[in-house]
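The values are calculated or read from the model by the stated rules, or taken from the named source; none is laboratory data. These numbers were taken from a predicted model, which means no experiment stands behind them. Quick reminder, even Gly has a Cβ in these numbers, built from the backbone with ideal geometry, and neighbours come from all protein chains shown.
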């Protein structure tokens, strides 16, 4: 998996989602055993692209926030929030 996220509502930490660019199809996978095994769950939107620069990190959080760092996480810029949505 290239990108993995735990389900924040699952206190056991067993439920995860992830995707791998190596699958070639931008396939979304789910795991219910903390990543030991993965099952295909769907396909990601075509707008999702792989960032080629290892210094760029994009993260999302609660309340519609999306942040971007271009220096490997040293500094962050808010690029989206509920307040900035139309």
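Structure values in brief
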read-out: Count of residues meeting criterion [touching a residue at least 12 places away in the same chain (Cβ under 8 Å), exposed (fewer than 13 other Cβ atoms within 10 Å of the Cβ) and closer than 24 Å to residue 7 by Cβ] in the range 61-78; value: 3
read-out: Matching residues, the range 13-33, being modelled with pLDDT of 90 or more and assigned to a loop (DSSP other than H, G, I, E, B); value: 14, 15, 32, 33
read-out: Odd one out for residue 78 among (1) in a loop (DSSP other than H, G, I, E, B); (2) modelled with pLDDT of 85 or more; value: (1)
read-out: In the range 34-55, residue nearest to residue 75 (Cα to Cα) [restricted to those that are in contact with a strand residue (DSSP E or B) (Cβ under 6 Å, 6 or more places away or on another chain) and part of a loop (DSSP other than H, G, I, E, B)]; value: 44
